[in-house]
Structure formats: structure tokens, C-alpha cells
Amino acid sequence: MKRSTLAIVLITSGFSVTCFAADFNVGMQCYNSGDFGCASREWQGLADKGVGQAQYNLALLYSRGQGTDRDLVKAAQLLESAANQGLVQAQYNLGLAYLAGLGVEKNENTAISWFQKAAELGDPNAADNLGTILEKQKDYENAMKWYRKAADAGIAEADFNIGSMYDLGKGVQQDPVQAMQWYRKGADLGDGASLCNIAILYYNGEGVKMDRAKAYEYLLIAQQAGEPRAASLMQWVDDKVQKKDKDRAMQQAQAWISSHPLHRFISNFSAPDAIIEADSKVEPQPVRAGL
């Protein structure tokens, strides 16, 4: 898995019914002060009245066991209620729940349905997940369509996924030059898998002139980005690059990192708006297991 943390974003008031908004904001104040029991009580009353924003936030509490016993079934039920009201965050997370079987029976087709609803409302992470499932189902045309929507919204994993489709010739003519272009887009957004695949293309001389020192350089960057494949690939490359070339590669890697501040990498390693467990996120697969 490329992501190890979750960035959980609660919904703030943002709706117009004044009496509901006041109670909702009390729940937010309780949550922000760490009084999850208070937040749960405030949002439960609104959830019982059908307020989707409260249902979504209450689902978060149930999924984490904050202020209440952890109950993924209850969390999924609340997500579905909010999702049926058109709440895009709930639709995305309900897709994750069905994909992983968390609180509901695992059902890939139902996950697709919820991801598509969220993607059509503009959620780029849902679009990326939808593309990944469709690619696995060999519906390459539609996978590419959703990947491009996610990539246009700045989702680094989508850049990687498009690159891998060109790299492997999935639904498109195999084109390592195009693959490299997309991997570079992902790398610029801090995607470690893209950095590793750039290294592989340099190592093999695919789409670019073979340059194993350059491969070494990008593996150094990938390690800094936290990409788990980088260390094992580095072991493969290490004895094939001369020391003077390694020294130059280290300098160039540092220059690259300096021009791509690490805070960008850190921000891209957090899953957006997800309340379900991190390992339910669909992740793009490496193009190759090794060099």
C-alpha cells in the first residue's frame, strides 16, 4: 500500500436550516475539543431527523469507535442514508465499504455504483478508484476515461495509472514515451510508484535512452517519497552503477527534491475524506515486480 495515513475531513455546517445548523455546530465544537461522546449525542439527534451531514459525521464516529462503540455496520447504514441524499463524501466512502466488505457484504458492483455516483458529482478520488476497478475488469476504455478525469483534478495515482496503461498497452497502443510523460506528472505530485517506474524505464532504456545512473537517481527520490519498492529495486541497481555516477545521482536527486518540497509528498500520502480503514483504498499496482 502506498498510503499509510488517513486525512479525515468532517463536514462543517454548510446547510441552511438554522436550528439544525446550531445543533450541528455544537457537535463540531464537542468533536474539536475531543469530547466525542458529546459530538455523538448532538449528531445522533440530527441523524434521526434525516440530516445527511450529521449522518455522515456520525458514521465517522462509529467507524472509529469515538464516543461510541466501534460499529462498522452502523457506520455503513448511516453512510447509505447520507449517500442517498446525494452527499458525495458519503457516496465515496460507501463505495470503499462495499469494496472491502466493511460493515456490509463485499460487493464490487455495488462499490462501482457508488464510486460512479460520487465521480459524476466531481469526486476525483472516486473517479480514480472507479478507473482502477474497471481496468481490473478489462474495461480499458472506461477506465481511461475516469483516470483522465481524476488526473485532470490533480490525483497523482491517476497519472500513474494512465502511465501504466501506456506502459503495458492496456486499451491503447503500447507507448513507453507516453508512459514516461504520465509517470513524470505523477512524480511531480509526489507519487512514489511513478518515481519507481521512471527508474525502471531508464534502467531498461524504454522510451528514453538507457541510463542506469538516472535510474539510481530516481530510486533515491522514490525512497525519500516513502515508496516501499524503492529499497529492493535499489539493491538490484546498486552494483551496476559506478561510484562517481552514484555521487552525481545523489546530487541530482537532492536538487530534484529541493525543487519539489517534501511537504507536497506528505500531503499526497494522505487519503482524502476517507473514514473507512486505509487498506480499503484501491491502489494502482506496480507495472513490474522488478527490473
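Each reported figure results from applying straightforward, stated rules to the coordinates on display, with no laboratory input. Only a predicted model underlies this, so the values are computations on that prediction, with no experimental measurement involved. With ideal geometry, Cβ positions are generated from the backbone for all residues, glycine too; neighbour counts draw on all protein chains shown.
Can you give the FRET efficiency to the nearest 0.05 for R184 and E108, using r as the Cβ-Cβ distance and R₀ = 30 Å?
Working from the Cβ atoms, E equals 0.40.
For a 26 Å ceiling on Cα separation, which of these pairs sit above it: K138/K185; K74/K106; K49/K149?
K49/K149
With the crude spin-label approximation of a point 7 Å out along Cα→Cβ, what separation in nm comes out for Q29 versus E206?
Between Q29 and E206, the label points sit 5.9 nm apart.
Of the peptides 137-147, 85-95, how do they stack up when ordered by the mean number of other Cβ atoms within 10 Å, highest first?
In descending order of packing, they fall as 85-95, 137-147.
Could you give me the ³J(HN,Hα) list for region 156-163, computed from phi with Karplus coefficients 6.51, -1.76, 1.60 and θ = phi - 60°, whole Hz, x at Gly and Pro?
4, 4, 5, 4, 4, 5, 5, x
Which of the peptides 217-223, 28-34, 60-66, 187-193 is most tightly packed, and how do the rest follow, judged by the mean count of other Cβ atoms within 10 Å per residue?
Highest-to-lowest ranking by the protection proxy: 217-223, 187-193, 60-66, 28-34.
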